[in-house]
Amino acid sequence: MNTVNHYFPELTERQREQFDMLATLYPEWNAKINVISRKDIDNLEVNHVLHSLALAKFVHFLPGTRVLDLGTGGGFPAIPLAIYYPEVTFHLVDRIGKKLRVAQDIATQLGLDNVTIQHGDVAEVKGNYDFVVSRAVMPLDDMVPLVKRLIARESHNAVPNGLLCLKGGDLRDELKRYAKQVLVDDIKNYFTEEYFETKKIVYLPL
């Protein structure tokens, strides 16, 4: 994955190998279970892997950080982030079991022992997390009530605990209610590919 390597030159040889494995594993699974649009699978590196890693440009998770990926599907953004942050734990939740099979198998083949999987609704999730991440899952008004109880009170990262969402398009109406709290960052600040022109990171401390 040359583009990932370009933006993250600090990757270890093991991490580079793991990212390269994604380029084989996801297309193989996608031929059986449609976790990524068939038209989009050729854009796996930029539109899915690099997009997920935008969060690593926005905030540096310290070792021991606990992250919940809500509506992870086939493992985005958590699987790329789990490769990048081997000392951070990621709990992946989704209601679609067949997509989680893909995430579980890929995590296993990559040797990601910092990943756990839960099939079900977010209401069934227990424990406390420093951050909840999501990628185009649902509007903030729907998500905040579901995840607020899961956010740990004590922060140990430079950025206070909260919600980190990857979103695109016009977000003015969705974010109006949270105008005084929310921080919106353009991903084009980090990556120059055309795909990221309208893509944003939405951070809401909780």
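The values are calculated or read from the model by the stated rules, or taken from the named source; none is laboratory data. Note that the structure is a prediction, hence the values are computed from the model and not measured. Neighbour counts run over all protein chains shown; Cβ positions are idealised from the backbone, glycine included.
When ILE79, ILE117 are checked against the criterion of being free of Cβ contacts under 8 Å to residues at least 60 places away in the same chain, of a type in the set (Val, Ile, Thr) and in a helix (DSSP H, G or I), ILE79 stands alone in meeting it.
For the stretch 29-47, the criterion of being of a type in the set (Asp, Glu) and under 13 Å from VAL115 (Cβ atoms) is satisfied by no residue at all. One residue stands out among those in the stretch 46-87 that are farther than 24 Å from TRP29 by Cα and among the charged types (D, E, K, R): the one that is surrounded by the fewest Cβ atoms within 10 Å (Cβ to Cβ), which is GLU87. Scanning the stretch 92-110 for residues that are free of Cβ contacts under 8 Å to residues at least 60 places away in the same chain, surrounded by fewer than 22 Cβ atoms within 10 Å (Cβ to Cβ) and not β-branched (Val, Ile, Thr) yields ARG95, GLY97, GLN104.
Exactly one residue among VAL147, VAL159, VAL184 is within 17 Å of the chain's Cα centre (by Cα) and part of a helix (DSSP H, G or I), and that residue is VAL147. Considering GLU87, GLU17, GLU45, the condition of being at pLDDT 95 or above, in a loop (DSSP other than H, G, I, E, B) and under 25 Å from TYR7 (Cα atoms) is satisfied by GLU87 alone.
Within this structure, LYS200 fails the test of being under 27 Å from GLN104 (Cβ atoms), surrounded by 17 or more Cβ atoms within 10 Å (Cβ to Cβ), under 15 Å from the mean Cα position of the chain (by Cα) and not aromatic (Phe, Trp, Tyr).
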